[in-house]
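In what follows, a structure is listed as structure tokens, so that the remarks can point back to it.
Values in this text are rule-based calculations from the coordinates and carry no lab data. What you see is a predicted model, and the numbers here were worked out from it, not measured in a lab. Positions of Cβ are backbone-derived with ideal geometry, glycine not excepted, and every protein chain shown enters the neighbour counts.
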Amino acid sequence: MDMHSVLLYGCAAVVVASGIQLLVVLAAVDGVEAPPPLALLRAWRRPVPRVAAGLMAAMAVLGVAQTVAPATVDALERHPDGAWWRAVTALLVQSSGGFQLLLNLAALAVVAPVAERQFGPWRTALVFAASGVTAQAVSMSGWSVRGGGDSVAICGLVGALATWYAVRGSVVTLRWAALLIPAAGLVLCLLTNNHGVGLLVGCALGVALAVPARPPLAAA
């Protein structure tokens with residue numbers, strides 16, 4: 001295994017390990033944590049997160065569509081000579097097939113409801129879209145001109161949760177661990193891996209969401 005692969009898989013391990021710790025803490029109900037599977041299922045409790053449910057439904061429908069009609073992938077993925085709108089539609093198909101589809105659906109089911117309960121519906125949609133589209137656009141510029149998938153947008157949600165917690169979180173050790181996620185994003189960008197772009201865009205938005213709004217100025 002060469003150094004590029006070692007760094008790539010190392011970054012993936014860091015994001016997954018730190019991300020799971022973070023999700024479990026944020027998914028706690030009334031301050032009570034549960035083991036990872038149960039904790040993450042709790043994020044789907046009522047009221048059901050609408051944006052998370054909508055994203056899951058959309059990705060499942062598109063997953064069925066690309067399985068039944070494989071030409072769907074070619075019609076929507078990034079292309080070397082593709083139009084700009086493919087930076088958006090490339091989020092809707094999984095160009096590596098069934099394994100990527102199942103993996104990304106599972107990741108979305110775990111991350112999206114926690115993000116929505118933390119940030120609210122429209123902010124979650126904003127982070128998902130901004131991270132994903134930016135990563136796809138950078139890919140189209142030369143990093144990886146053909147392909148598609150929403151993992152870059154899911155990385156954006158993880159990045160936003162990480163930096164938000166690094167600024168506002170209550171567990172000191174986890175705040176430091178959360179900083180490993182933007183560090184991994186930076187390394188991935190140096191490796192020209194588009195998941196790093198998704199992570200760093202999400203991290204930047206997470207910092208913005210962590211900064212409290214200024215109170216209105218008092219009238220003179």
What FRET efficiency, computed as 1/(1 + (r/R0)^6) with R0 = 25 Å and r the Cβ-Cβ distance, is obtained for Ala57 and Val16, rounded to the nearest 0.05? 0.50
If you place +1 on the Cβ of every Lys and Arg and -1 on the Cβ of every Asp and Glu, how big does the dipole about the Cα centre of the chain come out, in debye to the nearest 20? 580 debye
Compute the FRET efficiency between Ser170 and Met3 as 1/(1 + (r/R0)^6), taking r as their Cβ-Cβ distance and R0 = 30 Å, and round to the nearest 0.05. 0.20
Only counting other Cβ atoms within 10 Å, I'd like His79, His195 sorted with the fewest neighbours first. His79, His195
If contacts are Cα pairs under 8 angstrom and at least 6 residues apart, what is the relative contact order of the range 3-209 in percent? 24 percent
Using only the alpha carbons of the range 87-189, what is the convex hull's orientation-averaged projected area in square nanometres? 6.7 nm²
In degrees from 0 to 90, rounded to the nearest 10, what is the angle of the helix 50-68 Cα long axis to the longest principal axis of the chain? 20 degrees
Given only helices, namely DSSP H runs of n ≥ 4 each adding -39500 (n - 2.57), what is the per-residue ellipticity at 222 nm of the chain, to the nearest 500 deg cm²/dmol? -22500 deg cm²/dmol
So how tilted is helix 98-119 from the main axis of the chain? Cα-based, degrees 0 to 90, rounded to 10. 30 degrees
Phi angles of the range 129-138, converted by Karplus (6.51 cos²θ - 1.76 cosθ + 1.60, θ = phi - 60°) into ³J(HN,Hα) in whole Hz with x for Gly and Pro, give 5, 5, 5, x, 5, 4, 5, 5, 5, 5
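I'd like the FRET efficiency for Ala65 and Thr192, computed as 1/(1 + (r/R0)^6) with the beta carbon distance as r and R0 of 35 Å, rounded to 0.05. Kindly include the intermediate steps, with their values, before the conclusion.
Values: r = 30 Å, r/R0 = 0.86.
Computed FRET efficiency for Ala65 and Thr192: 0.70.
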Quick one: which residues, 5 or more positions from Gly147 or on another chain, have an amide H under 5 Å from its amide H? H modelled 1.01 Å from N in the peptide plane, none for Pro or chain starts. Arg78
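Find the percent of Cα-Cα distances in the chain that exceed 20 Å, and round it to a whole number. Write down the numbers at each step before the final one.
Working: 14098 of 24090 pairs.
Looking at the chain, the distances longer than 20 Å represent 59 percent of pairs.
Local charge sum around Leu157 (other residues, Cβ-Cβ under 14 Å, Lys/Arg +1, Asp/Glu -1)? Kindly include the intermediate steps, with their values, before the conclusion.
Details: positive: Arg117, Arg123; negative: Glu116, Asp150.
Within the 14 Å Cβ shell, the charges total 0.
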Mind giving me the nanometre distance, one decimal, between the label points for Leu41 and Ser144, set 7 Å out from Cα along Cα→Cβ? 3.2 nm
